[in-house]
Structures are given as structure tokens and as C-alpha cells.
1. Scan region 70-81 and tell me whether some residue there is within 29 Å of GLY56 (Cβ to Cβ), more than 17 Å from the chain's Cα centre (by Cα) and surrounded by 15 or more Cβ atoms within 10 Å (Cβ to Cβ).
2. Please work out which one of (1) surrounded by 18 or more Cβ atoms within 10 Å (Cβ to Cβ); (2) modelled with pLDDT of 95 or more; (3) in a strand (DSSP E or B) is the condition TYR53 fails and give its number.
3. Looking at region 81-127, which of the residues that are of a type in the set (A, V, I, L, M) and assigned to a loop (DSSP other than H, G, I, E, B) is farthest from VAL68 (Cα to Cα)?
4. Every residue in region 159-178 that is surrounded by fewer than 19 Cβ atoms within 10 Å (Cβ to Cβ), of a type outside the set (A, V, I, L, M, F, W, C) and either assigned to a helix (DSSP H, G or I) or touching a helix residue (DSSP H, G or I) at 6+ places or on another chain (Cβ under 7 Å) (or both), please.
5. Does region 31-44 include one or more residues that are assigned to a strand (DSSP E or B) and either of a type in the set (Ser, Thr, Tyr) or modelled with pLDDT of 75 or more (or both)?
Amino acid sequence: MRSVLIGLALAAGAGAFGFFGAGGPDRPMAIPEAAPGMSEDAPRPIKENIVAYRVGDVSIENARQMAVETLPRFHELIAADMPATYTVKFPLTQNGATEHIWMQLDGYRNGRFVGRLANEPVNGRRYRMGDRMEVADAEVEDWMVNTGSQMYGGYTVRAMLKDMPQDQADKLRTMFRD
């Protein structure tokens, strides 16, 4: 079975790799075959705002690295307490499959981000959108601050812009700040 990374692009703040197929009530969704003429490595839309990327995708790995390197900036933005939605992306594993999902923050306590799942997980039913979670700094793969008109962070989303519908990508490009 090929290794696939599933990314939720912008749930609490903005993605596309098809989990169409039976899957069942508590099993991961199947990743569809590549579209005719597309590379086996090409991202695949799952459903609205969900894309599956091959594990090791260079653009996603580079984006994760940038998010990790800039995590201190995220902490600074949290401390500034500007009105915004604060989210972190982290790996969530259930039924032997890992997806990369956003959590909307309620706070940061004892070295851990505390919040609620911002998306409905696709690989099972153990977790649901809105479930309370805690994520350590070391588990964070991306972070984002969304004021409604500006977004900070969101490096994996930026890496996915090339795979989004043009109008959606153009709108997001105007919102990103550093």
C-alpha cells in the first residue's frame, strides 16, 4: 500500500485528495487512483477542503519545517492577544491511518496547546469535530492566525495553493502575511 499524507488545508481558517469509497463506519477512507495522465505522486482531492499528498512531498515537508522554525512567532502572536482565530495543525492517527488536522485553540497551558478539532476527521469515528484535544509544541506541523482579513503562518496551506481552484488560491494569497 502506498504511503499517503492527508492534509486538511484551511478548515478553521482554508484544501482537496479523495476519500471516496466504502471505508465503513470506522475505517479510513480509500485514496483514489491518480487521474488519467497525472503522476502517481500528484495530490488527490478527497472532498471539499481535503487533499491527500504523498508522504515525503517536498513542498509540504518544507512548509512543515518553516512552521516549526517560526513557532516562536506564533507564541508571540498569541501573547499579543490580537482578535483572531488561532489554530495548529498536528498528526491525528486512528484506525492505522494518519491525517493532518487543524485544532482551534482555547489556550496554552503547561506547555501544551489546548483546543477543539476544527475539522471532521476522515479516518474513523473515534474523534469528532469539536472534540477537546491537547497538542505539545513538538507535535505541531503548522500554525495559523486568521483575523478575517489577514493570515499569519499557514505554511502548509501556502504549499497547497498551487493545487487549489484559482479563485480560492488568489483570495488566500492576498491574505497571507509574515
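1. yes
2. Here TYR53 clears every test but (2).
3. Out of the qualifying residues, it is VAL122.
4. Across region 159-178, the qualifying residues are LYS162, GLN166, ASP167, GLN168, ASP170, LYS171, ARG173, THR174.
5. no
The values are calculated or read from the model by the stated rules, or taken from the named source; none is laboratory data. Everything numeric here is computed off the predicted structure, so don't read it as measured data. Quick reminder, even Gly has a Cβ in these numbers, built from the backbone with ideal geometry, and neighbours come from all protein chains shown.
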